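Student: Have a look at this one.
The values are calculated or read from the model by the stated rules, or taken from the named source; none is laboratory data. For clarity, every value in this text was computed on a predicted model and none was experimentally measured. Glycine also receives a Cβ, built like all others from the backbone with ideal geometry; neighbour counts cover every protein chain displayed. When the accessible area is computed, the model is the full protein with side chains, heavy atoms only, and any ligands, DNA or RNA have been set aside. Shrake-Rupley method; radii C 1.70, N 1.55, O 1.52, S 1.80 Å.
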Amino acid sequence: MRKIRGIKSWIVAYNEIQSAVQELQLAFDFQKEGITTEEEVDEAYKHVIVLLEKLELKNMLRLEEDHLGAVLKINAGAGGTEAQDWAEMLYRMYDRWCESKGYKVTVTNWLDGDDAGIKSVTLQIEGDYAFGYLKSETGVHRLVRVSPYNAQGKRMTSFSSVAVVPLVDDSIEIDVNPGDITWDTFRSSGAGGQNVNKVETGVRLHYNYKDPDTGEVKEIVIENTESRSQFGNKDNALRLLKSQLYELELERRRKASAKIEAGKKKIEWGSQIRSYVFDDRRVKDHRTDYQTSNVGAVMDGDLDGFIKAYLMEFGDTYS
């Protein structure tokens, strides 16, 4: 059914563009006869361009993992309260973007900041092509502003890192060795009712992952506090583990595939990808040079311009 829906969406989009092009041709013919105005022709033309660019953007999401949901994790960088406040602002930004797309967002882990904001948060985002769009957000996000937490009113720079991996579903088979898994349980903190705080419902999964290329063993640690039941949290922690293992496998494939052209920048963990300069009213992506002065709209979740610029430049060479 998912495959049928995918094919149908392309047919519907094609028919919509074909109809819009025919209407544009009619508007142009009518304008020559004085029946319609130049403004009406311009509007019809703009409508066709919007539909074409929308379909062209979708065509950039052709990788196996692009159609999946996403797991997005935000970690505050060094800088104390200011950095933790920035991490929470990023959480709000992505939550608003997901809401505008109709995606379902579940907070699977949340760690409050010391005085304000958050130290880290993990979001499980369910919806078609969520990973395909959000993969452009992996990296370090830089904030420059006059900090409300600085008594001298100085301009401060803060950093938060964002990591996005595909959320695996039943169509993806991932082998997990149960013998390499150990569990810890703990009492969840924060909202969620009396049961959450009194019973050890939170789970921490430890998995020993062996790199098939180097033989090196690395420990993967995943916490889940979403559900009020320990069973539910264990079940979801396993799903998040499979998502991370799938991302590791995709990373291996990307390294083994053809190298990206020399002029393109690699998107790696720890790279600064975007700057949000509040005083100068500017948000700029350093990979594509796309920028906007509408800082408020961006922080309210208007990320489509950045995502589109990234996908149109890098397309299916995500690496």
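Student: If I ask for residues that are modelled with pLDDT of 95 or more, closer than 23 Å to residue 102 by Cβ and either outside any loop (DSSP other than H, G, I, E, B) or open to solvent by 40 Å² or more (accessible area, probe 1.4 Å) (or both), which ones from the stretch 267-304 would you list?
Tutor: Answer for the stretch 267-304, where residues must be modelled with pLDDT of 95 or more, closer than 23 Å to residue 102 by Cβ and either outside any loop (DSSP other than H, G, I, E, B) or open to solvent by 40 Å² or more (accessible area, probe 1.4 Å) (or both): 294, 296, 297, 298, 299, 300, 302.
Student: Here are some conditions: (1) open to solvent by less than 20 Å² (accessible area, probe 1.4 Å); (2) of a type in the set (Val, Ile, Thr); (3) under 15 Å from the mean Cα position of the chain (by Cα). Residue 105 meets all but one. Which one does it not meet?
Tutor: Condition (1) is where residue 105 drops out.
Student: In the stretch 116-140, which residues are open to solvent by 10 Å² or more (accessible area, probe 1.4 Å) and among the acidic types (Asp, Glu)?
Tutor: Within the stretch 116-140, 126, 128 meet the criteria.
Student: Which of the residues spanning the stretch 17-34 are charged (D, E, K, R), part of a helix (DSSP H, G or I) and open to solvent by 90 Å² or more (accessible area, probe 1.4 Å)?
Tutor: Keep residues of the stretch 17-34 that are charged (D, E, K, R), which gives 23, 29, 32-33.
Narrowing further to those that are part of a helix (DSSP H, G or I): 23, 29, 32.
Listed by number, the residues that qualify are 23, 32.
Student: Within the stretch 70-77, is even one residue out of contact with any Leu (no Cβ under 7 Å at 6 or more places or on another chain), of a type in the set (Gly, Ala, Ser) and either open to solvent by less than 50 Å² (accessible area, probe 1.4 Å) or at pLDDT 95 or above (or both)?
Tutor: Step one: filter the stretch 70-77 for residues out of contact with any Leu (no Cβ under 7 Å at 6 or more places or on another chain), giving 73, 75-77.
Subset that is of a type in the set (Gly, Ala, Ser): 76-77.
This time we only want the ones that are either open to solvent by less than 50 Å² (accessible area, probe 1.4 Å) or at pLDDT 95 or above (or both), so: 76-77.
Yes - at least one qualifying residue is present in the stretch 70-77.
Student: Another question, then. Does residue 115 qualify as being in contact with a Ser or Thr (Cβ under 6 Å, 6 or more places away or on another chain), touching a residue at least 12 places away in the same chain (Cβ under 8 Å) and over 16 Å from residue 74 (Cβ atoms)? Explain how you work it out, then say what you get.
Tutor: On the way: in contact with a Ser or Thr (Cβ under 6 Å, 6 or more places away or on another chain): yes; touching a residue at least 12 places away in the same chain (Cβ under 8 Å): yes; over 16 Å from residue 74 (Cβ atoms): yes.
For residue 115, the condition - in contact with a Ser or Thr (Cβ under 6 Å, 6 or more places away or on another chain), touching a residue at least 12 places away in the same chain (Cβ under 8 Å) and over 16 Å from residue 74 (Cβ atoms) - is met.
Student: Now a separate question. Examine the stretch 244-266 for a residue that is open to solvent by less than 80 Å² (accessible area, probe 1.4 Å), of a type in the set (Gly, Ala, Ser), touching a strand residue (DSSP E or B) at 6+ places or on another chain (Cβ under 7 Å) and at pLDDT below 75, and state whether such a residue exists. Give the steps one after another, and end with the answer.
Tutor: Step one: list which residues in the stretch 244-266 are open to solvent by less than 80 Å² (accessible area, probe 1.4 Å), which gives 244-252, 254, 257, 260, 263-264.
Right, trim to of a type in the set (Gly, Ala, Ser) and you get 257, 263.
Next, only the ones that are touching a strand residue (DSSP E or B) at 6+ places or on another chain (Cβ under 7 Å) stay: none.
No, because not a single residue in the stretch 244-266 is open to solvent by less than 80 Å² (accessible area, probe 1.4 Å), of a type in the set (Gly, Ala, Ser), touching a strand residue (DSSP E or B) at 6+ places or on another chain (Cβ under 7 Å) and at pLDDT below 75.
Student: Counting only residues that are assigned to a helix (DSSP H, G or I) and either buried (at least 17 other Cβ atoms within 10 Å of the Cβ) or touching a residue at least 40 places away in the same chain (Cβ under 8 Å) (or both), how many does the stretch 49-69 have? Steps first, answer last, please.
Tutor: Going through the stretch 49-69, the residues assigned to a helix (DSSP H, G or I) turn out to be 49-59.
If we keep only those that are either buried (at least 17 other Cβ atoms within 10 Å of the Cβ) or touching a residue at least 40 places away in the same chain (Cβ under 8 Å) (or both) too, we end up with 51, 53-58.
Result for the stretch 49-69: 7.
Student: Right, here's the next one. Does residue 39 satisfy the condition of being open to solvent by 80 Å² or more (accessible area, probe 1.4 Å), of a type in the set (D, E, K, R), over 27 Å from the mean Cα position of the chain (by Cα) and over 23 Å from residue 311 (Cβ atoms)? Show your work before the answer.
Tutor: Numbers: open to solvent by 80 Å² or more (accessible area, probe 1.4 Å): yes; of a type in the set (D, E, K, R): yes; over 27 Å from the mean Cα position of the chain (by Cα): yes; over 23 Å from residue 311 (Cβ atoms): yes.
Yes.
Student: Which is modelled with pLDDT under 95 and either under 30 Å from residue 149 (Cβ atoms) or open to solvent by 80 Å² or more (accessible area, probe 1.4 Å) (or both), of 96, 5, 92?
Tutor: Working: 96 fails: modelled with pLDDT under 95; 92 fails: modelled with pLDDT under 95.
Going through 96, 5, 92 in turn, just one is modelled with pLDDT under 95 and either under 30 Å from residue 149 (Cβ atoms) or open to solvent by 80 Å² or more (accessible area, probe 1.4 Å) (or both): 5.
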